[in-house]
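Below is one structure, written out as structure tokens, with a few remarks after it.
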Amino acid sequence: MKAIIPSAGLGTRFLPVTKAQPKEMLPVLDKPIMQYVIEEAAAAGIDQILLVTGRGKRAIEDHFDRSVELEQNLRDKGSAYLESVRQVSDLAQLYYVRQKSPLGLGHAVHCGAAFTDSEPFFVLLGDIVVPRCDILPKLQAVYEQTGASVIAVERVDDEHLSRYGIIGAQPVAELEAAAQAPCYRVNALVEKPSPDVAPSNLAIMGRYLLTPHLMELLDCTKPGAGGEIQLTDALLALLDAEPLYAVEVEPESSFDTGNVLSWLEANITLALRDERYAGELRELLAVLMSAGSESTNGK
Ligand code: G1P
């Protein structure tokens, strides 16, 4: 199957670090964010991936290309890093297209219309990391049962509703066994609602498996929230023609790396799960926390 990864965003929440480098290339531990996303797609058997990029994103292409000189250098030194450098360029067949104007997520996805043609396709947002790669298989399982579009959602607190696309939905118990998670049939969608109009607290979390009709709808989707062409609005239009399902995933399965604090949280959480770093980091955090409590005690 194919996937589209929109990655044209300017990374303004990370300025100045993103002035001359793509936010998708910021590290989480020892890998750039985008490598986690591509590895997740590859783990789900997706072998053709379109990255929708923009100006200033060349470093992404370079990272997933062969680096013959570097490989030779590592080979000559007998370096243990050779294998990890080599395998990055073999993860999947990557294609690139530029979104020439920042017209919104829906517009970015529509830049892949010729790539997906008349096939169903995944969309993976380029700033969400799913380290255990356990969400796309759930979407696939529901798609196999229904032949319909499926999106991943997670529960968020009321004060965060206006950061997300929020769905209204009815539980569908028959699909839970396949997805091994609560499943819903979607009956409403609102992009970035205020809490008083949000239809639930189930938020779209950046993983979609979509039918070709969605691409046709994007072609005529008008600008919505924030003056941008929204993928959520095309999904709302899809409800008139086809069913749309949602799989509820655990908040711990994904990390939004799109702002400094959540990026930091992703780094610390993943380091604590990684035996290379966990022991020493735990000790370091304990020292820092006790130093912090001493200084807040005025010592
Ligand atoms: C996008 C989508 C939104 C979704 C969110 C997940 O918003 O438009 O529906 O909930 O990603 O992170 P963005 O974060 O690009 O503003």
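Site pair GLU250 and GLU83 shows an inter-label distance of 2.9 nm when each label is modelled 7 Å from Cα along Cα→Cβ. The Stokes-Einstein estimate for the chain, based on a Kirkwood radius over Cα pairs and taken at 4 °C with 1.567 mPa s viscosity, is a diffusion coefficient of 63 µm²/s.
When the chain is treated as a GNM with alpha-carbon contacts under 10 Å, the residue of LYS138, LYS77, LYS19 showing the greatest mean-square fluctuation is LYS77.
Here the spin labels are modelled as points 7 Å beyond Cα on the Cα-Cβ line, and at SER118 and LEU103 they lie 2.5 nm apart. Only helices enter this figure: runs of n ≥ 4 DSSP H residues, each worth -39500 (n - 2.57), summed and divided by the residues of the chain, yield -10000 deg cm²/dmol at 222 nm to the nearest 500.
Phi angles of segment 112-120 translate, via the Karplus equation with coefficients 6.51, -1.76, 1.60 and θ = phi - 60°, into HN-Hα couplings of x, 4, 5, 5, 7, 6, 10, 9, x Hz per residue; Gly and Pro are given as x. Taking SER194, SER79, SER253 as the candidate residues, the one with maximal mean-square fluctuation in a Gaussian network model of the chain, Cα springs under 10 Å, is SER79. DSSP bridge analysis restricted to the chain gives an antiparallel fraction near 60%, rounded to the nearest 5.
Here HIS213 and GLN93 are evaluated by their C-beta separation; at R0 = 35 Å the FRET efficiency comes out at 0.90.
Can you tell me, using C-alpha contacts under 8 Å and at least 6 residues apart, the relative contact order of segment 70-176 as a whole percent?
After rounding, I find 12 percent.
Where the alpha-carbon atoms of segment 130-238 are placed on the principal axes, they occupy 38, 33, 28 Å, in descending order. Label positions at LEU264 and LYS222, each projected 7 Å from the Cα along the C-beta direction, are separated by 4.3 nm.
If both residues of a DSSP beta bridge must be in segment 126-255, then about 80% of such bridges are antiparallel. The slack in the chain from ALA42 to ALA237, taken as 0.36 nm per residue of separation less the alpha-carbon distance, amounts to 67.2 nm. For the chain, modelled as a GNM whose springs connect Cα atoms under 10 angstrom apart, the maximal fluctuation among VAL68, VAL28, VAL37 occurs at VAL68.
Values quoted throughout were computed directly from the atomic coordinates according to the rules given, and no laboratory measurement underlies them. Just so it is clear, the model here is predicted, and its values are computed rather than measured. We place every Cβ from the backbone using ideal geometry, glycine too, and count neighbours over all the protein chains shown.
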